[in-house]
Structures are given as C-alpha cells and as structure tokens.
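Colleague: Okay, handing you the structure first.
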Amino acid sequence: MELIIEFIIILTLSVLQSVFGIGLLLFGTPAFLFIGYDFESTLGILLPVSISISLIQIIRQKTFIKFHINEYNRFCLPALFVFIIIAIKIGNATDIKPLLSILLIISSILILNENRIMLVNDFFLRYRKLVLVFIGSIHGFTNMGGAFLSIFSTFLNTGDKNLSRNYIAYAYCTMGIIQYAVILLFGIKNTELTKLLYVLIPLFVFLPSQKLFNRIDDKLFMRLINYFALIFGVITLSISFK
C-alpha cells in the first residue's frame with residue numbers, strides 16, 4: 001500500500017512539474033511529511049525524480065539568459081548548501097509543516113494580487129541578490145523554495161513562460177543535485193537506492209504533458225501555478241493544526 005501511495009503522488013506531481021516546471025517538490029514535500037515520512041527520506045525519494053524532469057526540460061529548451069544564471073549560481077546555491085546540512089542535522093526535531101503551508105500561501109497571494117504586482121516586481125528585481133539568498137535558504141531548509149522561485153522567475157523573465165520554466169528547470173536541477181549529494185555524503189540515514197526507479201516515470205509522462213503546456217498562454221501559466229500553491233497551502237495549513 002505504501003508503494004502504491006508513493007507511486008500515485010510521484011506520477012501525479014511529475015505531470016504537474018512537466019507542465020509548469022514546479023510541483024514535485026513544492027507539493028510532494030508536505031504530502032510525504034503529512035503521511036509520516038521524515039524530511040530526509042522525503043528528499044531521497046523526490047530529488048532524483050525532480051532532477052530527471054529538470055534535465056529533460058533543459059535538454060529540450062536550451063534558451064537561458066547567462067547573466068541571470070550566473071547570478072543565481074553565486075547567491076542561491078551557497079545558501080542552499082548551508083541550509084540543507086542544517087535541515088538534515090535537525091531532522092524531526094522541529095515541525096516544519098506549518099511553515100511549509102504558510103510559505104505557500106504568502107507566495108501565491110503576493111502574485112495573485114494584481115494591485116500589488118508592480119510593487120512586488122520592483123522589490124524582487126531591485127533586491128534580487130537577497131531574494132536569491134532567501135530562496136536558497138528556504139529551499140535548503142524546507143524544500144519549498146519553488147513557490148518563491150516561480151514568482152521570481154516570472155518577474156525576471158518578463159512573464160515569458162518558456163524562459164520562466166527554463167530558469168526554474170535549471171534552478172531545480174542544480175539545487176537537486178547539491179541536495180542529493182549532501183544527503184548521500186552527510187545524511188543520517190542510508191538512502192534507499194531502490195527509490196531511484198521512480199526516475200523512469202518522467203520518461204513516460206513528459207512528452208504527453210507538453211501538449212498541455214503549449215496550449216497555456218503566459219498569463220494563465222503564471223496564475224495557475226499560484227492558484228495551485230494557494231489551494232494546497234490552505235489545505236496543508238488546516239491539517240497541520242489539527
């Protein structure tokens with residue numbers, strides 16, 4: 001039964017990430033935590049699948065703005081490295097479920113509020129280096145930086161869904177590789193290598209998912225990402241306080 005639940009979650013969220021560039025870690029992390037998995041085990045299951053989807057997206061779409069990528073490498077990745085080690089050492093000593101939910105809600109409300117969108121845009125671009133450090137820190141500690149990453153990428157790439165998804169794919173790929181390497185080297189538990197079989201799922205779902213991606217315009221693409229985050233954030237926050 002446990003394997004069936006794992007498979008259903010990963011299959012569903014792999015389709016979502018194949019379309020929007022995010023979803024597997026953003027929704028998979030709280031989902032696995034709520035059904036009883038610890039943080040390290042959750043990362044061990046989700047990261048290889050996330051990396052494989054991101055690699056497919058990078059290979060298919062090679063368009064990147066080099067300056068943005070270099071800036072991301074310098075400010076986001078070091079913060080990620082530090083905080084993933086902290087998260088592994090703390091383990092289950094801290095309950096991060098409410099924090100995960102609140103992050104989802106805040107990030108989605110910020111972008112869905114059209115009256116605030118220019119203000120948020122100016123803030124993200126003016127303080128983008130600090131934003132990148134923040135994203136790396138949050139993602140390393142909670143695996144939930146994808147919500148803020150999606151917002152940042154949309155503003156950075158002026159609402160172009162292809163550039164936005166490519167930026168997210170590169171970010172998720174590099175962050176995932178670092179996170180997984182840290183788990184293998186410094187993790188408290190032995191990673192179940194049999195879970196690597198889940199990386200085969202993206203090979204079957206990615207291409208069919210692109211038909212849906214091609215039908216979504218830039219504005220709808222941005223709003224759908226954040227509606228998903230808001231709805232799931234409210235649900236998970238209500239559950240975490242029960």
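Please treat every number below as a calculation from the coordinates, not as lab data. Treat the numbers as computed from the prediction; the structure is a model and nothing was measured. Heads up, the Cβs are rebuilt from the backbone with ideal geometry, glycines too, and the neighbour counts pull from every protein chain shown.
Colleague: Could you list, in their original order, any pairs among Lys89/Lys195; Lys129/Lys161; Lys89/Lys161; Lys161/Lys195; Lys129/Lys219 whose Cα atoms are separated by more than 29 Å?
Modeller: Lys89/Lys161; Lys161/Lys195
Colleague: Something else: If the label point is 7 Å along Cα→Cβ of Asp38, which residues in segment 74-88 have backbone nitrogen under 12 Å from it?
Modeller: Inside the label zone: 88.
Colleague: What fraction, in whole percent, of alpha-carbon pairs in segment 8-85 exceed 22 Å separation?
Modeller: Here the long-distance tail beyond 22 Å is 34 percent of all Cα pairs in segment 8-85.
Colleague: Between Thr194 and Asp122, how many nm apart are label points set 7 Å from Cα along the C-beta direction?
Modeller: Result: 5.7 nm between the two label points.
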